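The values are calculated or read from the model by the stated rules, or taken from the named source; none is laboratory data. If you're wondering where the values come from, they're calculated on a predicted model, not measured in any experiment. With ideal geometry, Cβ positions are generated from the backbone for all residues, glycine too; neighbour counts draw on all protein chains shown.
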């Protein structure tokens with residue numbers, strides 16, 4: 001059996017602070033790839049995967065990454081996390097294959113529950 005993995009692409013300390021305790025308790029492998037190429041190398045390695053993608057540094061590249069990941073690894077659950085008023089971007093993220101989009105007014109504190117639920121769904125499929 002392959003271990004579940006949590007991948008945080010373009011994450012930050014706040015996301016890590018929310019997810020690391022949950023990942024430790026659940027014994028998920030946690031990866032923080034530096035770029036999309038490294039992320040794409042991690043995904044075929046196994047088991048259920050949840051990718052958390054933070055938006056905000058380079059929106060065009062981040063959305064392209066989401067589209068590519070969804071196309072190449074459709075079984076990977078993806079959670080897009082954004083700040084501020086990003087209604088149009090949230091809609092586009094859904095269209096590009098996000099499993100869940102977490103933008104205000106939804107609080108970031110929902111993230112551990114969202115990831116846990118998606119990881120559980122993935123464990124049932126694999």
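Within region 84-101, restricting attention to residues that are touching a residue at least 12 places away in the same chain (Cβ under 8 Å) and in a helix (DSSP H, G or I), the residue that is nearest to residue 71 (Cα to Cα) is 93. Screening residue 34 against (1) closer than 15 Å to residue 9 by Cβ; (2) at pLDDT 95 or above leaves a single unmet condition, (2). Every condition in (1) free of Cβ contacts under 8 Å to residues at least 12 places away in the same chain; (2) part of a loop (DSSP other than H, G, I, E, B) is met by residue 11 except one, and the failing one is (1). Do any residues in region 45-70 that are exposed (fewer than 14 other Cβ atoms within 10 Å of the Cβ) have Cβ atoms under 9 Å from those of residues that are at pLDDT 95 or above, where the two are at least six apart or on different chains, and which pairs are they? Cβ pairs passing all conditions: 64/96.
Considering region 49-58, and only residues there that are in contact with a helix residue (DSSP H, G or I) (Cβ under 7 Å, 6 or more places away or on another chain) and at pLDDT below 95, the residue that is farthest from residue 29 (Cα to Cα) turns out to be 55. Here residue 18 does not qualify as in a helix (DSSP H, G or I), touching a strand residue (DSSP E or B) at 6+ places or on another chain (Cβ under 8 Å), surrounded by 11 or more Cβ atoms within 10 Å (Cβ to Cβ) and touching a residue at least 24 places away in the same chain (Cβ under 8 Å).
Looking only at region 26-33, decide whether some residue is assigned to a loop (DSSP other than H, G, I, E, B), buried (at least 18 other Cβ atoms within 10 Å of the Cβ) and either in contact with a helix residue (DSSP H, G or I) (Cβ under 9 Å, 6 or more places away or on another chain) or touching a residue at least 60 places away in the same chain (Cβ under 8 Å) (or both). Yes, region 26-33 contains a residue that is assigned to a loop (DSSP other than H, G, I, E, B), buried (at least 18 other Cβ atoms within 10 Å of the Cβ) and either in contact with a helix residue (DSSP H, G or I) (Cβ under 9 Å, 6 or more places away or on another chain) or touching a residue at least 60 places away in the same chain (Cβ under 8 Å) (or both). Condition (residue is in a loop (DSSP other than H, G, I, E, B) and more than 20 Å from residue 98 (Cα to Cα)) applied to region 36-54: is it met by at least one residue? Within region 36-54 (the criterion being in a loop (DSSP other than H, G, I, E, B) and more than 20 Å from residue 98 (Cα to Cα)), the answer is no, since none of the residues qualifies. Among the residues making up region 96-126, a single one is surrounded by fewer than 17 Cβ atoms within 10 Å (Cβ to Cβ), modelled with pLDDT of 95 or more and more than 17 Å from residue 14 (Cβ to Cβ): 117.
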